[in-house]
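First the structure, in the form of C-alpha cells, and then the observations on it.
We did not get these values from a lab; they are worked out from the coordinates using the rules stated. Fair warning: this is a prediction, and the values are worked out from it, not measured in the lab. Glycine gets a Cβ as well: all are built from the backbone with ideal geometry, and neighbour counts include every protein chain shown.
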Amino acid sequence: MTGNAQNARDVLQDAFILAFKHLKQVKHPDHFAGWLRRIVINECIRFSKRSVHWQSLDNYLDALVPDDEPSWWTHINIEWVHHEIKHLPDGCRQVFVLYVLEDFAHKDIANSLGISESTSKSQYQRARKLLKDRLLKKMTDNG
C-alpha cells in the first residue's frame, strides 16, 4: 500500500511499536493475528492520508470495463500481477489493495481514507483498467 519497500518498512515498524504499546488489549491469544493485521492496515491508511493526494475520478466511471468480460487473466504470471499492482498510482493502488486483498467495502475505504465513496469506486475501476491494460501488453510482448 505504501508504494515502496522503505515506506513499507517504516509503516510496519510503527505498527509493531503501536502493537507492543497496546499488547494488553488482546484478550484472547487466538485474536492476536487479526488484531495485529488491523493495526498494520490502519497504519497504512494513516500513511496514505499523509502522503497521497486524492483526486476525484467520477467522470472516469463512464469508461469502465464491464464485469462480464472473459477471464483473459487466468493465464498470467502472478509475479507480473504483483509487479503491476506495486506500480499503480498511489490512490488507485491503495483502494485496490483495500478492496480486493483486504476485503473492505467502498464505504469503509472512503471513511478510512477521507474520500467519497464514488472516488473509492472510481479509483478501484481505474486500477482494474490500468492493470488489465498493462498485463495484456505484457502478455502480448512476451507471447
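Things worth noting here:
- Under 28 Å from the Cα of Lys129 - lysines, other chains or at least 8 residues apart: Lys49, Lys86, Lys107, Lys121, Lys137, Lys138
- Among 101-109, 134-142, the order from most to least packed when residues are scored by Cβ within 10 Å on average: 101-109, 134-142
- Full-extension gain in nm, Lys129 to Arg38, via 0.36 nm per residue minus C-alpha separation: 29.9 nm
- Taking amide H as placed 1.01 Å from N in the peptide plane, the amide H of Ser116 sits under 5 Å from none that are at least 5 places away or on another chain.
- The stretch between Met139 and Asn4, if pulled fully straight at 0.36 nm per residue, gains 46.1 nm over its current Cα-Cα span.
- Residues Lys24 and His82, FRET efficiency given R0 of 41 Å [Cβ-Cβ distance, rounded to 0.05]: 0.70
- Fraction of C-alpha pairs exceeding 14 angstrom in the range 1-51: 51 percent, rounded to a whole number.
- Remark: spin-label model distance Asp103-Ser118 equals 3.0 nm, labels positioned 7 Å along the Cα→Cβ axis.
- Other-chain or far-sequence residues with amide H under 5 Å of Phe104's (modelled H): Tyr99
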